[in-house]
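Any read-out appearing in this document is the output of simple, stated calculations on the displayed coordinates, not a laboratory observation. Predicted, not measured: the structure shown is a model, and the values here were computed from it. Every residue, glycine as well, gets a Cβ built from its backbone with ideal geometry; the counts of neighbours run over all protein chains shown.
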């Protein structure tokens, strides 16, 4: 078993290492005027075609110098246009994205042998190695023993290396797509198989996301094999990731239908009401209209109804993609969430303004969509969208939300940022059948529940008073009930009236004695 | 208005802390808690998780450090040397302290039985935070450990050592493991759970002597004159009240501090609660000293009511307790073990493949139930209590068993299997 673990580790790390240095690998790019013609917009042709033509019909061997050349051309032209105040000619796409577009069409594939050996090491051997490592680990490693001793889960050196790696990955993915063209090309065969097109950075991300979730999902199956709730919940998040977030959208693209993740709900799906999306959907006939209605019905009907019956867990820890990653890849880091009262205050000061921000942005967007006015009360819709996309969509949800798993735990985004979680949280807090029930006077205040609560809820505070836990932030992952050594906690949907035991029964004796809530 | 009284509590465990909180809820008295163990209250049962790396020590503290100041509860990290009952004065290591009312909540300490060599390095009990630190040192390079005693502490220590890959043997005085506390079927399930984790159990074996070299343990000698090498010995032969510092006072003690049903000691304005209190006349079917978390809580609340409102009798209600042996959860409500065979009988169900079991003890004639054992199935405390208190018949309990189910959602339900066995069992129709 030990040998298998070591083999697994070696396979995993060789794949990871190769993946990490892959962007630095040499690759030949060959740009043709024909490709330029095909890929450039009219505006870009007018602005840049003359400058770009000298780059065609040349074999570019250096990825970075080629990308930087394109970036420089784009930047210089834009600077010039801005200086000359020719605002109608200024190009609003980022230079990186522009460079990525050109690189994408000028990629020359590696030799068959090199290409497939890299593909095999990174996309086959690496996850299989991880799987081998997980499957050959003994029972102790599938428990919470040593969580605070192991450097990876106790914010020591490996945790910092992992964080740095994740941060770098997200920064490259969001803002430097041209530099990760080698990664993107790597998953081309899969993309072509699924949707018939070459891959893009977001296909790469979706694919890796799914692979990571599957491998770590199997870890969940082993760790919680005696807990039916965790097993079914994990199957559910894997299903929604694989089917709804990954496969169905790709199949839709293959059928020339609009790309849509049918389980992604506004305001988490913040650009659902953006002009381009509504336009695409409307132009796509019945299916497009259905998608538009589906998205609206989810927000207006499904979210409140399901949250009323099951609490926000129906989404956050059963369906959601962010939640799915948090509950698989993030599970080993769940104990790192901060349980102070101060961070609870901070949570409320950040998450509710974020909802407000998303609502304001969407209202502006719809105003612009219907009135064709770009500004309202001095707020420019596109500027606001850009700020939201950058700050909330990329920095908060991606870079901070996932990049900092090993430092601040696995639910930073869900706890502090997600506007959909906030919306459902309000319903869960005030109008829902969901609660965590405590079992009489059995709590020994050990604190396992609080320690392993990924949302930073001080579960013990309630449990030791014999009080039900009704909190806006609870995502109903069920781990508190699992780690409790005395079986004190139970997630339940039941009659609303039994939810708040406002005068909790602290001590049960003959002639029931009630204690005031303080 | 009375003058603001000063209430001093010795011990910041669950009993002392509950007393302080409950007094604060009811009054504006000055409250001071003295402890020589830790500056802040922590959950003692959670120490094992710190050793296993499942929690950090700070996680065992149920309240944030500023909680005490906010609630005007003064904490004094000092050791009580002497209690002067007539002058109402405490002599501490570093100062003296006057009290109007004293609550003794000084807890327990591991019981040692004057074995030869018990002072050797690597021989220790497990109770306090100091024990945790010593355990960390004593088991640094430990490969083989012996645990003396077969109770709950031994089971917990076994899991702790298991987490560190230390080969462990339990020495049990009785003929069969857990025989004193559990009927043979349940005892067997618990034993299986422990041995499945690689822990060896040796019954009818007691320690005679700890053998050492250079002040460190190297082996133990058993009552069968066998020498078992080991580099650590955990003494898990129970705990006794921690009351040595009272020897010079006029407070009456026996094994523990003697108290009446109001938790009053022989001295006025002095109370004793929790592990250190010994009931002069224990309640029927209950022990005079109960070292259980929730009884400490109930005593703390009772004494607070007595001090702030009116004299209140300590009434712990229907007995219950729960424990966990590795992955096997155990709950008990009411009386099951040691029942009179001629008057009472019990119905037992076990699912051998899933390691689940349920036993319901009942009165032969009236069929009303008196106690429940549950292994691997979580039951609702208030439902079980109601059943026992209201003397509900076993037929009705079996019928309504699902009402008591506290297992997580989607767990396999065993009620059908149980009621089927109950319906078909000859045992009952007899």
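What the table shows:
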read-out	value
Dimensions (Å) - chain B, Cα atoms, principal axes, largest first	68, 60, 40
Test item: B:54-65 mean partner chain Cβ contacts at 10 Å	6
Helix-derived mean residue ellipticity, 222 nm - over chain B, DSSP H n ≥ 4, -39500 (n - 2.57), to 500	-7000 deg cm²/dmol
Computed label-point distance, nm, for sites residue A:51 and residue B:262 using a 7 Å Cα→Cβ extension	9.4
Spacing of the two label points (7 Å from each Cα toward its C-beta) at residue A:16 and residue B:82, in nm	6.3
DSSP beta bridge pairing in segment B:56-191, given as percent antiparallel to the nearest 5	60
Diffusion constant of segment A:155-432 at 20 °C, which comes from Stokes-Einstein with the Kirkwood Cα-pair radius and 1.002 mPa s, µm²/s	108
Alpha carbon centroid spacing (whole Å) that separates segment A:114-144 from segment A:287-341	29
Max mean-square fluctuation residue, GNM over chain B, Cα-Cα springs under 10 Å, options B:265, B:195, B:32	B:195
Nearest-ten-degree value, helix A:341-371 long axis tilted from longest Cα axis of chain A	40
Ratio of Rg to Rh over segment B:216-346 (Cα coordinates, Kirkwood Rh, two decimals)	1.08
Equivalent ellipsoid semi-axes, segment A:358-462, via Cα gyration tensor eigenvalues times 5, rooted, Å	39, 19, 7
Reference-scaled alpha-carbon Rg (2.2 N^0.38 Å with N residues) for segment A:29-106	1.04
Relative contact order, percent, chain A [alpha-carbon distance under 8 Å, six or more residues apart]	13
Considering only segment B:123-237, percent of DSSP beta bridges that pair antiparallel, nearest 5	40
Whole-Å semi-axes of segment A:239-319's equivalent ellipsoid (Cα gyration tensor)	23, 16, 10
Helix-derived mean residue ellipticity, 222 nm - over chain A, DSSP H n ≥ 4, -39500 (n - 2.57), to 500	-16000 deg cm²/dmol
Antiparallel content of DSSP bridges confined to the protein assembly as shown, in %, to 5	60
For q = 0.06, 0.11 Å⁻¹, Debye-computed log10 I/I(0) when each Cα of chain A counts as one equal scatterer	-0.33, -1.06
Chain B: most fluctuating residue of B:358, B:285, B:189 per GNM, C-alpha cutoff 10 Å	B:285
Helix axis angle, A:2-21 relative to chain A longest principal axis, alpha carbon, degrees	40
Fully extended contour minus Cα-Cα distance, from residue A:116 to residue A:64, at 0.36 nm per residue	16.4 nm
For segment A:304-433, fraction of C-alpha pairs farther apart than 23 Å, in %	40
Ranked list, fewest to most other Cβ atoms within 10 Å of each Cβ, for B:253, B:259	B:253, B:259
Taking B:373, A:38, B:355 and counting other C-beta atoms within 10 Å, the order from fewest to most	A:38, B:355, B:373
Solution diffusion estimate, µm²/s, Stokes-Einstein, segment A:80-222, Kirkwood Rh from C-alpha pairs, 37 °C, viscosity 0.692 mPa s	179
Tensor-based shape of segment B:146-214 (alpha-carbon gyration tensor, a/c under 1.5 rounded, otherwise prolate or oblate)	oblate
Gaussian network model of chain B, Cα within-10 Å springs - most flexible of B:188, B:143, B:416	B:416
Cα-based equivalent ellipsoid, segment B:56-183: semi-axes from gyration tensor eigenvalues, Å	36, 20, 16
Rounded tilt (10° steps) of A:95-106 against the dominant C-alpha axis of chain A	70
Per-residue mean of C-beta atoms belonging to partner chains within 10 Å, peptide B:311-324	3
5 Å binning of all Cα-Cα separations within segment B:336-405, expressed as whole percents from 0 upward	4, 17, 29, 26, 16, 7, 1
Calculated P(r) tail over 20 Å for segment A:1-141, as whole % of Cα pairs	60
Label-point separation, residue B:393 to residue A:407 (7 Å along Cα→Cβ), nm	6.7
Rounded Å value of the spacing that divides the Cα centres of segment B:1-77 and segment B:165-237	35
Average beta carbon contacts from partner chains per residue of B:274-286, 10 Å cutoff	0
Cα-Cα separations in the protein assembly as shown greater than 36 Å, expressed as whole percent	59
Among A:11-18, A:155-162, B:104-111, the order from most to least packed when residues are scored by Cβ within 10 Å on average	B:104-111, A:11-18, A:155-162
